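The values are calculated or read from the model by the stated rules, or taken from the named source; none is laboratory data. Quick caveat, the model's predicted, so the values are computed rather than measured. Ideal geometry is used to build each Cβ from the backbone, glycine not excepted, and the neighbour counts take in all protein chains shown.
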Amino acid sequence: MQLAEFRVQNYKIIEDTGWVPVQNLTTFVGKNESGKSAIFRALSKLNPSDGEGYDGLKEFPRQRYAAEITRTDWPVASGRFVLTPDEQRDIAAISELCNEVRSVEVTRHYTGTYSITYHPDVGVDLVTPPDLIYAIESAIEHIRNLIAPEGKGEELGRIKEGLLAFLEEQKGAIPVDGQVHKRHIADLINAIKSRANEPWQHDILDPVTEPMYRLVRQIEIFEGLMAANRYVIEHLPKFVYFDQYNVIESAIHIPTFIATLKSHPDTPGLRATHCLFRHVNLDLDQLDRLGSHKNAVDDNPIIRRQVDERSILLSTASNLMTKKFEDWWGQRKIRFRYDIDGDYFRVWVSDDLDPSEIELEQRSAGLQYFFSFYLVFLVESGDAYQDSILLLDEPGLQLHPTAQQQATRFFERISHQNQIFFSTHSPFMIDLDHLDRVRTVYEGEDGTTKVSVSEWPADRDSLFPLEAALATRIADRTLSGGKQLVVEDTHDLWLLQAMNYVLRSRGKTGLSPDIRITPTGGAANLIPLALMMTAHKKPAAVLLSGHNIPQGVLEKLPSMHIREGSGLLLYSSFVNRQGAGIEDLFSPEFYYRCVKDIYPDLPLGQISEKSPVERNEERGIAHQIADLVERRQGEHFERWRVAELLSDRICESPQNLDDETIDRFSRLFDEINRLI
């Protein structure tokens with residue numbers, strides 16, 4: 001069965017999640033205390049692998065407990081499952097009502113009882129005592145109206161008298177709130193038929209039993225449906241809930257481990273270690289029987305053979321794990337070596353950068369976790385939990401971001417065998433290419449847990465992991481690109497692209513095609529981006545205006561090998577204005593026309609013409625207009641709107657640009673091409 005949707009109700013802080021669609025791999029994100037763990041634990045108990053049921057005292061919503069817990073058998077977890085073709089055939093063979101059934105809805109209640117609904121819907125009523133009483137009354141009425149064949153009146157009268165007395169007695173003995181069994185109805189039918197010894201008697205009495213036969217048939221159909229229900233419950237996938245991820249010990253005392261495994265096999269600490277031996281096909285009992293001899297110094301040929309056989313087993317297993325782990329780890333090439341020192345089994349680890357062997361516990365916590373994590377899921381998802389649904393609560397918390405991304409890819413791979421749902425706060429475990437598989441868990445206005453289905457919640461805390469994932473994607477693609485020109489804002493990007501188009505259309509040299517323009521959203525963001533580019537050894541140049549640069553930015557750039565004339569460009573170098581921005585490379589009249597279209601009431605005449613010396617000390621034209629807009633109109637200057645209009649005008653009518661503007665941008669692009 002494949003789970004298509006689930007629903008959780010009446011559980012801790014969850015009133016009702018509504019139906020939540022899921023896929024083979026589904027991610028749940030949300031802030032702390034939003035209810036992610038509660039959803040997973042409630043859902044896991046629909047058919048729990050650990051056998052744990054619901055506890056109304058601890059799990060029913062506390063504020064409703066006193067008034068409502070005894071009111072009804074409250075439903076908790078529900079799932080809508082799509083049947084496989086084999087399951088469809090099986091269930092149709094069990095119950096004739098299920099010939100067209102393709103999916104089932106299963107709900108588990110606090111008492112542990114299940115209710116099942118089939119799609120398309122099917123149903124048959126349970127035969128109740130009133131149904132049987134009505135059938136007997138119908139039989140009594142039929143018997144009273146019987147007419148005997150000619151010459152048989154006296155004989156029929158005796159039969160009628162006996163049957164009427166028997167049926168009245170049977171009707172009176174039926175408990176109103178009891179259960180009707182098929183055997184009871186069959187006894188009634190046989191009792192009626194036993195009164196008939198001759199053919200004419202059978203012909204008269206057979207119609208009397210028809211209402212009872214209909215009840216028998218109804219019971220048989222009902223029993224078939226109950227058998228189908230049992231089939232569904234027996235074939236439900238197990239739900240396996242993980243919220244603890246144990247790490248394998250690197251020194252395992254074999255006799256103690258075997259004894260503990262046999263006496264307490266469910267001990268959590270044994271789980272990952274046991275998976276290690278199962279994954280590489282090492283038989284612990286066999287290893288133990290081979291003895292604890294450290295070296296083959298004994299002349300006894302039996303001992304020497306034992307040691308040789310043990311060494312072959314360990315070597316084969318080590319090579320197998322090294323290969324399997326390499327296919328998935330994807331960072332350094334890790335090599336594992338298994339060794340037995342006396343009664344201790346040890347795991348030694350080396351890698352391609354450092355061939356020195358150290359014990360597993362001396363490696364990073366991330367590697368230990370990942371190795372153990374890998375084994376548990378790889379072994380259990382393909383063995384004890386085959387076709388189960390894995391619910392992973394915050395996996396990978398100790399892992400490096402790149403390892404978290406690898407974990408997500410691993411989940412993707414094994415989700416073809418087992419459906420996997422996992423919760424996370426980490427942006428590195430969110431697959432932006434499959435946002436349709438992400439569900440946001442958040443706290444509604446009524447304080448209860450909600451799950452997004454068709455739209456994202458307005459709660460920014462809930463959305464933060466998604467926003468961070470998007471930022472990570474953008475940063476990754478920015479830093480993985482080729483040559484970079486870093487500019488302050490989006491309007492720089494628009495105008496540079498527009499002028500690049502104009503210069504190329506006029507046969508002049510524009511920006512090199514392999515240069516990518518990256519806006520940082522302000523000069524304050526230049527330092528972290530420049531640091532990242534320096535770390536990635538990416539060729540880059542920084543293009544800045546001369547105004548409003550945060551203190552310290554220009555001083556820090558040289559330490560990253562970015563200085564004026566060597567990776568740093570200022571607009572003021574191409575126009576005679578100290579605080580120039582990109583708008584100052586255009587003629588004032590051309591720019592003013594665009595400003596006037598956006599701000600028709602703005603008195604641009606108040607921006608007086610200055611001498612070259614005065615302009616050299618002045619801020620850029622965009623900042624002057626911003627001051628004027630704020631002073632005269634009391635609003636914030638939307639620089640991007642003017643830049644957008646200016647970009648459109650440039651591309652629509654490039655012939656309107658004067659030669660001086662063309663020359664400035666031509667010199668700017670030549671310098672950018674030279675620097676990068």
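Inspection of segment 341-357 finds a residue satisfying the criterion of being modelled with pLDDT of 80 or more, of a type in the set (S, T, N, Q) and over 29 Å from Lys45 (Cα atoms). Here Gly605 fulfils each of the conditions (1) modelled with pLDDT under 80; (2) part of a loop (DSSP other than H, G, I, E, B); (3) closer than 25 Å to Asp648 by Cα apart from (2). When the helices (runs of 4 or more DSSP H) confined to segment 160-265 are screened for residues that are hydrophobic (A, V, I, L, M, F, W, C), closer than 30 Å to Ile143 by Cα and outside the structural domain of Asp341 (by TED's automatic domain parsing), those reaching at least 3 such residues are found at 182-193, 199-205, 210-234. Scoring Gln88 on the criteria (1) at pLDDT 95 or above; (2) assigned to a loop (DSSP other than H, G, I, E, B); (3) farther than 21 Å from Arg7 by Cα leaves a single failure, condition (2). Picking from residues in segment 432-451 that are over 22 Å from Gln404 (Cβ atoms) and free of Cβ contacts under 8 Å to residues at least 40 places away in the same chain, the one that is surrounded by the fewest Cβ atoms within 10 Å (Cβ to Cβ) is Glu445. The one condition from (1) under 30 Å from Met212 (Cα atoms); (2) surrounded by fewer than 18 Cβ atoms within 10 Å (Cβ to Cβ) that Ile143 does not meet is (2).
Any chance segment 400-410 includes a residue that's in a loop (DSSP other than H, G, I, E, B) and surrounded by fewer than 18 Cβ atoms within 10 Å (Cβ to Cβ)? Give the steps one after another, and end with the answer.
First, pick out the residues of segment 400-410 that are in a loop (DSSP other than H, G, I, E, B): 400.
If we keep only those that are surrounded by fewer than 18 Cβ atoms within 10 Å (Cβ to Cβ) as well, we get 400.
Yes: segment 400-410 contains one or more residues that are in a loop (DSSP other than H, G, I, E, B) and surrounded by fewer than 18 Cβ atoms within 10 Å (Cβ to Cβ).
Of the residues Val20, Val8, only one is at pLDDT 95 or above and surrounded by fewer than 22 Cβ atoms within 10 Å (Cβ to Cβ); which? Answer to the check: Val20.
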